[in-house]
Structures are given as structure tokens and as C-alpha cells.
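The values are calculated or read from the model by the stated rules, or taken from the named source; none is laboratory data. Keep in mind it's a predicted model, so treat the numbers as computed, not measured. Here the Cβ positions follow ideal geometry from the backbone for every residue, glycine too, while neighbour counts run over all protein chains shown.
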């Protein structure tokens, strides 16, 4: 006989959104580490490092970070947008920020 299935701890959709938000928070730290890698290499050569190769590496990392941030923002935008008001319904009231004048 099959045992009864236990409910999931988190819904699959909210779990994926949370992991995407975690990845978006981690992206700047990952970018910082990747951009510092050429500086952390421990060579004992007296020659100058290959500047062209390092420049290409830095631009590739930069482009990859921009693309990753864009893709993450698309995924988060779809999930974090406020629901659109249906025609014929009244939108919720907006609260104006308090004025700073005294």
C-alpha cells in the first residue's frame, strides 16, 4: 500500500522565486570575486602580465554579469509585479508621501 504523501514545505513557485532573489543578491559578490581574480594570481615572473588577455577577460565577465542581471530581473519582474486591475474595478488608493515643509 502506498503511504500518504506529505505536503511540501514550500510551494514550488515561491521556492523558485526565493532562490532567484538569493541569486540576485549574490551576483554582486560573485562579480567582485571574478573581477579580482586577475589581481590575485600569484606569478613570480618578472615580465608584465598579458594585458590584452586580462582586458578580454574583464570585459567578458562584465558582459556576463550584465546579461545574468538582466535575465534575473526579467524573472523577478514577472513575479513581483503588482496585479493588473481588471477593467471596471477601482484601483486601490495610493498614499501620498508626507510633505517635508514645516
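Listed values, structure above:
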{"read-out": "Sole exception among (1) within 30 Å of residue 77 (Cα to Cα); (2) loosely packed, with under 10 Cβ neighbours inside 10 Å; (3) at pLDDT below 85 for residue 29, by number", "value": "(3)"}
{"read-out": "Members of the range 32-52 found to be at pLDDT below 90 and surrounded by 10 or more Cβ atoms within 10 Å (Cβ to Cβ), listed by number", "value": "37, 38, 49, 50"}
